[in-house]
Amino acid sequence: MDTDTGIDYGTFEEGRHVNYWELDQTLQRELRRVYTGDEFDWAESRLSAFGETVGHTIADNADDIDDHGPELEPYDKYGEVQNWVRYPEKQYENERLAYGQGIVADSFEAPPGRDEPMPLSHNLAMQYLLSYADPGFDCPVAMTAGAALVLEKFSREGEDDVLREYYDALTSRDYEDLIEGAMFLTEKQGGSDVGANETRAEWDESAGYWRLTGEKWFCSNIDAEGTLALARTEDAPAGTAGLSMFLVPHGDPDSTNHDSDRDRDRDDPLTKGQRREDGPLSPEDVNDQRYRRLKDKLGTISVPTGEVEFTGAKAYLVGEEEHGFRQMAEMLNLERLSNAAASCGIIGRVLLESKIYAANREAFGETIDQYPLMRADLVDMAVTHEAATTYTFEAARLLSKRERAARAGETADDAYRLMRLLIPIAKARTARIAVDTASYGMEIHGGNGYVNEFVTNRLLRDAQVLPIWEGTENILSLDVLRALERENAHEPLQAAISERLEYVSHPALADAAATVEGEFHDLMGALATLAGEDSEYAQLSAKRLAHYVFDVFTAAVLLERAQRDLAAEDENGRLALVANHFVSRELTDQEARGITSGDRFALEAYESIVRYESVTAEGAREIVAESE
Ligand SMILES: Cc1cc2nc3c(=O)[nH]c(=O)nc-3n(C[C@H](O)[C@H](O)[C@H](O)COP(=O)(O)OP(=O)(O)OC[C@H]3O[C@@H](n4cnc5c(N)ncnc54)[C@H](O)[C@@H]3O)c2cc1C
């Protein structure tokens, strides 16, 4: 690939049977900055190998799985409960490939050639690449990592031996030993309102287990062996304060007879590979729960989402009683960033498909990428992809920093306080952007985009759940208010933005930096105003505030990155163009909506922003100057 002349998207037929890592220079750039020490050098070849696998086998399989997804057989032929989910063979193959390449394991256990685990941002980068092809399968991957994180934090060495075995199985690199995670929070009466959960947990002395009774209404990866569920113990207080966390295995943990060919002890987690080989459990081996039905969903077909009725299911307490919600919040931070990474992956795939389609489709005698409006569309989409990815991996960097500190027995308070603010916003903004981008990408494909044989159809269906699960945009906006109130998160935010703006000095960035400086000042004023307002007013403004933080923070980070690129030995002006466009689109007041400005920026910057063609610092400065 020649970076001087950029990528010729006309040489591809579609965004499949390619290497997603090699083609996504935006992700490459971000990871180069986010990884520390020699992490990037180690990771590059593995990410490239993964990008190749996802771009070929996983992408092909994902399309087939969308047509023939997992099916539930709740009962056997005698009417006994068996809770059997039948997966297509191609799904087992995708799982084997993704987990085998360390998508979860590498961030928890030192991978070959390294002394310590990779940061969680590595897991998120792989989730991003996976979501180019199968955002549905990314859901179990995300929950497997999330469940592992929770068990790592809250199972006590020496005391929770069984949970340590589940942790080992969740983080296994070997598919034969691997189990997946899930999280069952939502009940009919409460998805956003988790405190309304009614599922009960009672200690069964004779069995030596907790037993769960109640209904869960949305359970993705329904048959996961490493499912974490929230339930209320006897006499627990109302609301979230009374919730405890339990691990509820798919199979009855006491039973070994479904496993006749193997050496399986009581409490050994039942792996998915075993289930694939052995088939449905016999009814006496089923944990006491009923998988009622799978939801008939719009998209994310590869993850079976269903309704579960606990009828005394055996369960292990995780962490401390009545600490369940706080513990689940740790998992949610990672899940929400996973959602953001998946959103960015979808945006990346839509962008790639759109560039390729536009470079090949002819209308009115030219390929459609020659027309001004299409160029403006693709510039907009590429800048949106840059913004979403930059913001997400900045938040991922903070999460990784905090987790790394925790593993070393240290704290990283500022990283935590800032990430508490940035993560709900990352999830909310990127999810909405993914839906909008997938929708517009469909339009770029004309009528074909609406047809099932084109991946744009599935990407839009898959994207549509991203704003809903892991918290809707309203709920996340309220969480932003909580982060500001409880963590004083405006302090690290202020420091993070000022530090970046102070670093920016290049003339190609001067006007954009001045605009961001002004908006930064106004944002801080808005935060101060809201702090003094009543809750009703604060709630009314919460979503606008979340958008504002996203725009100003992203702009500051893009400017800082652009400054580095301009000042580097192998100077590169592309990000300066990206940053200028983002600032002018999101933060600059335009007279007459920009129509009278004479600005032809999208045409001048097209080759660089869309095709990654090299542009010098001086070249970028000239393009920016002409557009003013
Ligand atoms: C495909 C799919 C898979 C899922 N998988 C899982 C899973 O594996 N585990 C799990 O636990 N859950 C899962 N969910 C559930 C999901 O997390 C919830 O649906 C979601 O959190 C919203 O909750 P709800 O459906 O109860 O909606 P509600 O809470 O009823 O919300 C309805 C609307 O009201 C708004 N709203 C609610 N409260 C407020 C407020 N205070 N202010 C302003 N607006 C408000 C919300 O933003 C939303 O727009 C899944 C959902 C889907 C669609």
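The values are calculated or read from the model by the stated rules, or taken from the named source; none is laboratory data. These numbers were taken from a predicted model, which means no experiment stands behind them. Please note: Cβ atoms are built from the backbone with ideal geometry, for glycine as well, and neighbour counts cover all protein chains shown.
Are any of the residues in the stretch 314-323 farther than 22 Å from PRO237 by Cα and in the same structural domain as GLY242 (by TED's automatic domain parsing)? Outline the logic, then answer.
Keep residues of the stretch 314-323 that are farther than 22 Å from PRO237 by Cα, which gives 314.
This time we only want the ones that are in the same structural domain as GLY242 (by TED's automatic domain parsing), so: 314.
Among the residues of the stretch 314-323, at least one is farther than 22 Å from PRO237 by Cα and in the same structural domain as GLY242 (by TED's automatic domain parsing), which makes the answer yes.
Between a residue in the stretch 202-221 that is touching a residue at least 24 places away in the same chain (Cβ under 8 Å) and any residue that is away from the ligand (no atom under 14 Å from the Cβ) and in a loop (DSSP other than H, G, I, E, B), which pairs come within a Cβ distance under 8 Å, given they are 6 or more apart or on different chains?
Filtered contacts from the stretch 202-221: GLU202/GLU234; ALA207/ASP254; TYR209/PRO253; ARG211/ASP288.
Checking HIS445 against (1) within 19 Å of ASN123 (Cβ to Cβ); (2) touching a Phe, Trp or Tyr at 6+ places or on another chain (Cβ under 9 Å), which test does it fail?
With respect to (1) within 19 Å of ASN123 (Cβ to Cβ); (2) touching a Phe, Trp or Tyr at 6+ places or on another chain (Cβ under 9 Å), HIS445 is out only on (1).
Quick one: which residue in GLU410, GLU362, GLU386, GLU394 is at pLDDT below 95 and outside the structural domain of ILE609 (by TED's automatic domain parsing)?
Details: GLU362 fails: at pLDDT below 95; GLU386 fails: at pLDDT below 95; GLU394 fails: at pLDDT below 95.
Among GLU410, GLU362, GLU386, GLU394, only GLU410 is at pLDDT below 95 and outside the structural domain of ILE609 (by TED's automatic domain parsing).
Considering the stretch 181-212 alone, what residues qualify as being more than 9 Å from the ligand (Cβ to nearest atom), part of a loop (DSSP other than H, G, I, E, B) and acidic (Asp, Glu)?
GLU198, GLU205
Sort through ALA49, ALA43, ALA98, ALA105 and tell me the only one that's in contact (Cβ under 8 Å) with a residue 24 or more places away in the chain, in contact with a Lys or Arg (Cβ under 6 Å, 6 or more places away or on another chain), among the aliphatic types (A, V, I, L, M) and under 24 Å from ARG173 (Cβ atoms). Please lay out each step first, then the result.
Working: ALA49 fails: in contact with a Lys or Arg (Cβ under 6 Å, 6 or more places away or on another chain); ALA43 fails: in contact with a Lys or Arg (Cβ under 6 Å, 6 or more places away or on another chain); ALA98 fails: in contact with a Lys or Arg (Cβ under 6 Å, 6 or more places away or on another chain).
Within the list ALA49, ALA43, ALA98, ALA105, the selection yields ALA105.
Kindly indicate whether any position in the stretch 426-442 is touching a Phe, Trp or Tyr at 6+ places or on another chain (Cβ under 8 Å), away from the ligand (no atom under 16 Å from the Cβ) and closer than 16 Å to LEU298 by Cβ.
Yes, the stretch 426-442 has at least one match.
Go through the stretch 521-554 and count every residue that is more than 21 Å from ILE475 (Cβ to Cβ) and polar (S, T, N, Q).
So the count comes out to 2.
Across the stretch 389-414, what is the total count of residues that are of a type in the set (A, V, I, L, M), in contact (Cβ under 8 Å) with a residue 60 or more places away in the chain and buried (at least 19 other Cβ atoms within 10 Å of the Cβ)? Spell out the reasoning first.
At the first step, the residues of the stretch 389-414 found to be of a type in the set (A, V, I, L, M) are 395-396, 398-399, 405-406, 408, 412.
Of the ones still in play, those that are also in contact (Cβ under 8 Å) with a residue 60 or more places away in the chain are 396, 399, 406.
Filter once more, keeping what is buried (at least 19 other Cβ atoms within 10 Å of the Cβ): 396, 399.
So the answer is 2.
If you take the residues of the stretch 224-234 that are over 22 Å from GLU165 (Cα atoms) and surrounded by 18 or more Cβ atoms within 10 Å (Cβ to Cβ), which of them is nearest to the ligand (Cβ to nearest atom)?
First pass over the stretch 224-234, keeping only residues over 22 Å from GLU165 (Cα atoms): 231-234.
With surrounded by 18 or more Cβ atoms within 10 Å (Cβ to Cβ) added as a condition, the list becomes 231-233.
Values: ALA231: 12, ARG232: 15, THR233: 19 Å.
If we take residues in the stretch 224-234 being over 22 Å from GLU165 (Cα atoms) and surrounded by 18 or more Cβ atoms within 10 Å (Cβ to Cβ), then ALA231 is nearest to the ligand (Cβ to nearest atom).
In this structure, does ASP64 turn out to be modelled with pLDDT of 95 or more and either surrounded by fewer than 16 Cβ atoms within 10 Å (Cβ to Cβ) or assigned to a loop (DSSP other than H, G, I, E, B) (or both)?
On the way: modelled with pLDDT of 95 or more: yes; either surrounded by fewer than 16 Cβ atoms within 10 Å (Cβ to Cβ) or assigned to a loop (DSSP other than H, G, I, E, B) (or both): yes.
Yes, satisfied.
Can you name the number of the only condition in (1) assigned by TED's automatic domain parsing to the domain that holds LYS295; (2) touching a Phe, Trp or Tyr at 6+ places or on another chain (Cβ under 6 Å); (3) surrounded by 15 or more Cβ atoms within 10 Å (Cβ to Cβ) that LYS188 fails?
(3)
Given the criteria over 28 Å from ASP4 (Cβ atoms) and either among the aliphatic types (A, V, I, L, M) or part of a loop (DSSP other than H, G, I, E, B) (or both), does ASP570 qualify? Reasoning before the result, please.
Values: over 28 Å from ASP4 (Cβ atoms): no; either among the aliphatic types (A, V, I, L, M) or part of a loop (DSSP other than H, G, I, E, B) (or both): yes.
So ASP570 does not fit the description; no.
State which residue pairs qualify: first residue without any contact (Cβ under 8 Å) to a residue 12 or more places away in the chain and inside the stretch 556-568, second residue part of a helix (DSSP H, G or I) in any location, beta carbons under 6 Å apart, and separation of 6 or more residues or different chains.
Listed pairs, sorted by first residue: ASP565/LEU575.
Only one of (1) in a helix (DSSP H, G or I); (2) under 26 Å from GLY348 (Cα atoms); (3) modelled with pLDDT under 95; (4) not aromatic (Phe, Trp, Tyr) is not met by ALA546, so which one is it?
Condition (3) is where ALA546 drops out.
Which one of these does GLY158 not meet: (1) on the phi > 0 side of the Ramachandran plot; (2) within 16 Å of the ligand (Cβ to nearest atom)?
(2)
Within the stretch 573-611, track down each residue that is surrounded by fewer than 22 Cβ atoms within 10 Å (Cβ to Cβ) and not in a helix (DSSP H, G or I).
Correct list: LEU587, THR588, ASP589, GLN590, ILE595, THR596, SER597, GLY598, ASP599, ARG600.
Name every residue in the stretch 453-489 that is more than 13 Å from the ligand (Cβ to nearest atom) and not in a helix (DSSP H, G or I), in order of residue number.
Listed by number, the residues that qualify are GLU453, PHE454, ASN488, ALA489.
How many residues, within the stretch 337-388, are buried (at least 23 other Cβ atoms within 10 Å of the Cβ) and small (Gly, Ala, Ser)?
Looking only at that region, the number is 11.
For the stretch 502-523, does any single residue satisfy the condition of being under 19 Å from ASP414 (Cα atoms) and in the same structural domain as ALA542 (by TED's automatic domain parsing)? Walk me through how you get there before you give the answer.
The initial filter retains those residues of the stretch 502-523 that are under 19 Å from ASP414 (Cα atoms), namely none.
For the stretch 502-523, residues under 19 Å from ASP414 (Cα atoms) and in the same structural domain as ALA542 (by TED's automatic domain parsing): absent.
Among the listed residues TYR132, TYR166, TYR175, TYR128, identify the single one that is more than 16 Å from the ligand (Cβ to nearest atom), surrounded by fewer than 24 Cβ atoms within 10 Å (Cβ to Cβ) and under 25 Å from VAL104 (Cβ atoms). Before you say what the answer is, go through the steps one by one.
Details: TYR132 fails: surrounded by fewer than 24 Cβ atoms within 10 Å (Cβ to Cβ); TYR166 fails: surrounded by fewer than 24 Cβ atoms within 10 Å (Cβ to Cβ); TYR128 fails: surrounded by fewer than 24 Cβ atoms within 10 Å (Cβ to Cβ).
The match here is TYR175.
Given the conditions (1) of a type in the set (A, V, I, L, M, F, W, C); (2) within 16 Å of the ligand (Cβ to nearest atom); (3) part of a helix (DSSP H, G or I), and given that VAL85 satisfies all but one, which numbered condition is not satisfied?
Unmet for VAL85, out of (1) of a type in the set (A, V, I, L, M, F, W, C); (2) within 16 Å of the ligand (Cβ to nearest atom); (3) part of a helix (DSSP H, G or I): (3).
From the residues in the stretch 442-453 that are surrounded by 20 or more Cβ atoms within 10 Å (Cβ to Cβ) and within 23 Å of GLY69 (Cβ to Cβ), which one is farthest from the chain's Cα centre (by Cα)? It would help to see each step written out before you state the result.
Initial filter on the stretch 442-453 (surrounded by 20 or more Cβ atoms within 10 Å (Cβ to Cβ)): 442, 444-445, 449.
With the extra rule that they be within 23 Å of GLY69 (Cβ to Cβ), the set shrinks to 442, 449.
On the way: MET442: 22, GLY449: 25 Å.
If we take residues in the stretch 442-453 being surrounded by 20 or more Cβ atoms within 10 Å (Cβ to Cβ) and within 23 Å of GLY69 (Cβ to Cβ), then GLY449 is farthest from the chain's Cα centre (by Cα).
Would you tally the residues in the stretch 213-223 being of a type in the set (A, V, I, L, M, F, W, C) and away from the ligand (no atom under 16 Å from the Cβ)?
Within the stretch 213-223, the subset of a type in the set (A, V, I, L, M, F, W, C) is 217-219, 222.
Retained after the next criterion (residues that are away from the ligand (no atom under 16 Å from the Cβ)): none.
Looking only at that region, the number is 0.
Conditions (1) surrounded by 14 or more Cβ atoms within 10 Å (Cβ to Cβ); (2) over 30 Å from LEU298 (Cβ atoms); (3) small (Gly, Ala, Ser), marked per residue:
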| site | (1), (2), (3) |
| --- | --- |
| VAL465 | yes, no, no |
| ASN488 | no, yes, no |
| ALA526 | yes, yes, yes |
| ALA538 | yes, yes, yes |
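In the stretch 292-336, what residues are part of a helix (DSSP H, G or I) and either within 13 Å of the ligand (Cβ to nearest atom) or hydroxyl-bearing (Ser, Thr, Tyr) (or both)? If you could, list the steps in order and put the result at the bottom.
Step one: of the stretch 292-336, the residues part of a helix (DSSP H, G or I) are 324-336.
Hits for the stretch 292-336 are GLY324, PHE325, MET328, MET331, LEU332, GLU335, ARG336.
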